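The values are calculated or read from the model by the stated rules, or taken from the named source; none is laboratory data. Not measured: the values here are computed from a predicted model. Glycine gets a Cβ as well: all are built from the backbone with ideal geometry, and neighbour counts include every protein chain shown.
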Amino acid sequence: MTTLSIRRLWKEYADQVVLENVNLEVRDNEFITIVGASGCGKTTFLRMLLGEERPTRGTFLIDGEPLPAEPGPDRGVVFQRYSVFPHLTVRDNVLLGLELARAPRLGRLFGARRRAALAEVDEMLHAVGLYEARDKYAAQLSGGMQQRLSIAQSVIKNPKILLLDEPFAALDPGLSADMHKLILGLWEHHKMNIFMITHDIKEGFELGTRLLVFDKVRLDPQAPNAYGATITYDIPLGVCGKPLLDELTTQTRRTERFVNKLAVA
Amino acid sequence: MRRIINLRPSTGSAVLLAALPFLLLLIAYLLGSSVRLAANPEDKLLPAFSKIGAAVQQYAIDPDPRTGEILLWADTAASLARLGWGLAISAALGLALGIVTGIVPYARAGLSAFIAAVSLIPPLAILPILFIVFGLGELSKVVLIVIGIAPFLVRDLALRAGEIPAEQIIKAQTLGASSWQLTLRVVLPQLLPRLLDALRLSLGSAWLFLIAAEAIAAENGLGYRIFLIRRYLAMDVILPYVLWITLIAFAMDYLLRRVTRAAFPWYAGNGK
């Protein structure tokens, strides 16, 4: 049972408001996709969930408790790249999470305890379709396989929350469909909350139970950093029609153009 | 005619090309030597190969009449022991301090400026201090090597530790790693091949410091021998000694490279 409660959350840097007045209630076992133009605080929001960033104002509660100030095993993450360990084999990559929990001093299991843990690992590898590649080094895998591995690595820890930061953005379009099936299957089986950032609004509609749009409500060319982004749409799954998709695309493109123009200037 | 940058030698001609500079040097030596020896049969600067052969016989095969040791082997053993200790201690220091300053912000704040300053001290300038403090024995020579190359190793490994993608460090934390476990399972294993690379790069300086220390105060060792017989202009001994040192240095470099490749297959696979 995991719930998230975010009330009047602000994130500001010295001369820049990134997020303003974000309010969000998340129930148990939701699959939330987050879309929005670049520079609209999606990644900042994810980094806050990880514990890498602190909110400037407002409350951010997980199960009624304030968010811990650093990453921890209850919140797994898969980044767009670099989130597997190149020096470990596929098996050892997944085993690592179990070893860290069960062998505090050496971070390594031996003998019967290792074999027991490997049985769990192999089950997970079957589930994500990496069993055949189990003895390869992570560095030798293709991008799609690395992302599968990274997902398996996190899911075997049974996190309350799984954070996905554009996990499929660097993959071939053909691969995404497989990955969607994989992630949905794992989500149903392991009962966790998933937050997935994506650039692809269509992907956001296809996956998950709820779509959040992060966008700037006010665009002021004179003071572009004075106003932050907030959640402008909070849409439950199943109401995606073409008009809504077009509306969202238009909205976020407008902000994207604004942000890009500023970057050029 | 294609551009010269697009012309590649075949395997056979590549080997020939590689051997060519060595051959040219050899020919130049032989010519120079015969010209000088024709003018003055007592010339010591470019001795004939027969003379060098006799010196090799005396130093590398026959035992020394005074000590009963074969000098080349005794010198090699003494030098390699010093070099080995120096490299081992430097590597350990480099790893420990490199990791700590690379991943612990407080350690970086406290130590990195100090290490940078220490690395700028010319090690040979403090050699007298080392002789005064540690005596003329083995310790001062090992310490000179350590002072000479450890700061470089520390700084290089700290940089390499910093190059490990932040994503990996965060990922490890979300898998429950403590700082210690993170060091042990994520950072250290990825730095080991980089340590071997850095050691290879610092071999040259390590030899430099070893020979400098041996030249100034020692009772045996390759550097000691060269500087001892320099007084007699004994090029017939110096040249084979230099060749021998070069050969050892080359062998060490080669060995380190092979060990890196064999022990860290994922590292070679990275394309580095």
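Just a few scattered comments:
- When restricted to residues that are of a type in the set (Ser, Thr, Tyr) and farther than 18 Å from A:Gln146 by Cα, the range B:165-180 contains 2.
- Selection within the range A:90-111 - at the interface with another protein chain (Cβ under 8 Å from one of its Cβ atoms) and in contact (Cβ under 8 Å) with a residue 40 or more places away in the chain: A:Leu96, A:Gly97, A:Ala101
- Output for the range B:131-182, where each listed residue is under 32 Å from the mean Cα position of the chain (by Cα) and of a type in the set (Asp, Glu): B:Glu138, B:Asp156, B:Glu163
- Options B:Leu120, B:Leu139; residue that is under 29 Å from B:Val259 (Cβ atoms), more than 14 Å from chain A (Cβ to nearest Cβ), surrounded by fewer than 16 Cβ atoms within 10 Å (Cβ to Cβ) and without any contact (Cβ under 8 Å) to a residue 24 or more places away in the chain: B:Leu139
- The residue of the range A:193-238 that is nearest to A:Asn23 (Cα to Cα), among those that are modelled with pLDDT of 85 or more and in contact with a Lys or Arg (Cβ under 6 Å, 6 or more places away or on another chain), is A:Phe214.
- Residue match in the range A:149-165 (condition: more than 29 Å from A:Leu4 (Cβ to Cβ) and either away from every other protein chain (no Cβ under 11 Å) or in contact (Cβ under 8 Å) with a residue 12 or more places away in the chain (or both)): no
- Residue match in the range A:145-162 (condition: β-branched (Val, Ile, Thr) and touching an Asp or Glu at 6+ places or on another chain (Cβ under 8 Å)): yes
- When the range A:44-82 is filtered for residues that are exposed (fewer than 12 other Cβ atoms within 10 Å of the Cβ) and within 9 Å of chain B (Cβ to nearest Cβ), only A:Glu70 remains.
- Verdict on A:Ile231 being part of a strand (DSSP E or B), hydrophobic (A, V, I, L, M, F, W, C) and in contact with a helix residue (DSSP H, G or I) (Cβ under 6 Å, 6 or more places away or on another chain): no
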